[in-house]
1. What do you reckon, is B:D122 more than 7 Å from chain A (Cβ to nearest Cβ), closer than 28 Å to B:E282 by Cβ, modelled with pLDDT under 95 and surrounded by fewer than 20 Cβ atoms within 10 Å (Cβ to Cβ)?
2. Of all residues being part of a helix (DSSP H, G or I) and not polar (S, T, N, Q) in the stretch A:77-100, which is nearest to the other protein chains (Cβ to nearest Cβ)? Just the residue, please.
3. Of the residues A:E219, A:E292, A:E317, A:E303, only one is in contact with a Cys (Cβ under 7 Å, 6 or more places away or on another chain), of a type in the set (D, E, K, R) and either modelled with pLDDT of 90 or more or farther than 29 Å from A:V375 by Cα (or both); which?
4. Checking the condition surrounded by fewer than 17 Cβ atoms within 10 Å (Cβ to Cβ), among the basic types (K, R) and closer than 26 Å to A:L364 by Cα, which residue from A:R162, A:R223, A:R196, A:R178 passes?
5. What pairs come up if the first residue lies in the stretch B:64-83 and is modelled with pLDDT of 95 or more, the second is small (G, A, S) and in a helix (DSSP H, G or I), and their beta carbons are under 6 Å apart, counting only those six or more places apart or on different chains?
6. From the list B:D92, B:D35, which one is more than 14 Å from chain A (Cβ to nearest Cβ), at pLDDT 90 or above and part of a loop (DSSP other than H, G, I, E, B)?
7. Which residues, taken from the stretch B:131-158, are touching a residue at least 60 places away in the same chain (Cβ under 8 Å) and in contact with a Gly (Cβ under 7 Å, 6 or more places away or on another chain)?
8. Looking only at residues that are among the hydrophobic types (A, V, I, L, M, F, W, C) and assigned to a loop (DSSP other than H, G, I, E, B) in the stretch A:157-212, which one is nearest to A:L35 (Cα to Cα)?
Amino acid sequence: MVGMDDPIVVVGGGILGASVACRTAERTDRSVVVLERADALGAGTTAASSLGLRQYGNEVQVRMKREGKRFYNDLLEAYFVPYDATDVVLCATTDDGRESLAGMREAEHPSGSPSEMLDGDDVRAVVTAPAVRTEDVTGALYRANAGFFRDSGAVVEAVASRARAAGTTFETGVDVERIVVEDGRAVGVETTDGVRNASAVVAAAGPWNDALCRRAGVELPVRQQRMCVFDFERGRPFSRPPPKLRHVETGVTFRGRPDGRVLAYHSAPADDKYAASEQFDPDVDAAVGVLEEVQETVRESAEVLLPALADASLVSERVAYPSRTPDGNPVVGWTEVPGLLVAATHSRGVQYAPAIGDIVARQLAGDPTDYYPDVSISRFDGFGDSV
Amino acid sequence: MNRIVVVGAGIAGTSAAYHLTEQTDAEVLVVDRGDIGSETTARSTAVFRQMGDPVLDPMKRYALETYNEFLGDPRTDVEFHLIGRLEAATADGSDIEATESVRSLDPNELGSAVVFPELDTDAITGAVYQPNAGIFDPVALAEEFAARARERGAAFRTGAAVTDVSVERKRVTGVELGDETVEASHVVAAAGPWNRELAAMAGADLPQRHTLAPILRLEPDEAFTHTLPNLKLDSGNYLLGQPDGTVLVGHSPGGYADAGTEYDPDEVSDTVPDGLRAEMLEAVGTVVPALADAEVIEEWVGVRSLTPDGLPVVGELREGLSVMAFNSEGIQLAPAAGRVVTAEVAGREDEFAGDVSPSRFA
């Protein structure tokens, strides 16, 4: 039998795991250990993230993002984490696409940042985006007040530093193979480095959560979408890097970086992203690599919206597995197995991480959270938790 | 005789030359006592923002289309940096106007809405935030206008001061550069704070007043993690981050009613007066404590022009003489003003002309 003296073990040293550890260590007296299988924190899904902060979504999403921004303001006051403001322009090149953007704008909760529907012709009169080609744009949703961290390692390290200051231990190169469940309760983890006892286990391992939790007897209402990520480099820098630019019809997103590179990523457009997703084993699927046809789609989208990429060279490509949930809200907190908690998002992990960390910390401390009905696993039919 | 002389090679004069050479067959000569963009333009902070103003915004949209074209040219030196703009009250009861695009923020909300970790929100009583605001390099913009005008045949004479305006039979017929007379079918006054003097040489009165636009460039002790936004305080003091990590601090004392008429821009020194310097540093140090001990590494003083109704004054002042005058915001309005003057010279009426015509004060 494990005691409450055993540490809380967080599986996954990405932005979610680091935030859970930070906020738990700051809220409770309990010791926290974060286990990361890679050799560096934030090297998995966080490294493939666009690292953006925006402020759109339903009421709960905006509230969580605002909480996140407040946390990051405090973090940036204390740690050097380069951050750059940007614009976000979602472009449609068909009438249906424009309708879909208008629908997205309708769905934005008014507590988010102001946004604006623009005609294609208006984009270059409102947004300083010289590289964007607007001839084929039938409509655009302009979302200001956005920005992104320049480097995933820097933001995760800063959160981890704060967590360490509150007593958290981070161990890298430790792969958690199994969550140990005894008498129906999570009591530890089995790692490549031996068994660790735990007073509670938090699964914050991104796309690796599903397999971990399933072996512990917990099915998650979380799937992954296959996302191909590309880095382009031009022979010469942009006088103004492109904004975050999404082509709604193709599912391709571009984002200029201050170093002159352009990040591009593609996930298949779908009305219901959860339905279009599956539970991937990233270690198996990654062998498939980037599909030829996806690269072609990105090139075609660039011709339409960002012709400056025509002579750019592709310097790297990889596959990432952003998680998707049935309603788009994160899945956070207690599961059916006492002692096992989960931290999962519908993409946007960097933005939600501070709020998610706080929810987990409160549940571990026995404090109530207003977010429970909107983020608990038990909000979905067929899923329960130990509460 | 089909020669247009533009007086002033700042953002206004170079925009005029760019539009005149694009849309007319006239010979265009730009004269400036200094260099291209070397006076008022160089002293501008070059903030660009659209405020939801029904008259000014369409002009600014035209400007942004023009500047987007410049930025898209691989040869350009023009840069733009998005920094956002926060207007904040530090005293109770200060009114800060919110619009549809500029949302009012409670000070408690600021940290959850705006990335500005260095701001002491306890020192703020109210705020509005406008994310779509940024900064250009003003001299690069003027040089880009000038380069394009030159490619289309415009001539630039720098280091040439206008000493008088020639008037014959109530019509302006040219300018005098010391001993030399340059004849012109039309003269465009684009000389910023010297416009009043130019107009007076032609016997015309220009409703334009001036205030000092002092700037201190601060070097923070430690680098910030982001470029600080443009923060405008109700006291008239403001700051804005620069791409190189320095921070400009400025002061704007108010509108036309409080402004002076007889500022001689030649007499204004680039040293910020001591009292003003202390006030500016105190004001920004209170809201951004990390700047309280920052070193002043550069300073200058611009002369800001203001108009009675806050709109530009662009168009014919008297026969043969047109003016391009702004209520501040010259970088944002110069493209539209250049277009208006050009249409007028060509005998057309630009869609913006009615709102900015000097005749509204007649």
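The values are calculated or read from the model by the stated rules, or taken from the named source; none is laboratory data. Just so it is clear, the structure is predicted and the values come from calculations on it, not from any experiment. Backbone-built Cβ (ideal geometry, glycine too); neighbour counts: all protein chains shown.
1. Yes: the conditions hold for B:D122.
2. A:E77
3. Just one listed residue meets the conditions, A:E317.
4. Exactly one residue qualifies, and that residue is A:R178.
5. Pairs that qualify, where the first residue is modelled with pLDDT of 95 or more and the partner is small (G, A, S) and in a helix (DSSP H, G or I), are B:L64/A:A125; B:E65/A:A125; B:V78/B:A140.
6. B:D35
7. Selection gives B:A133, B:P138, B:V139, B:A142, B:E143, B:T158.
8. Looking at the filtered set, the residue picked out is A:V174.
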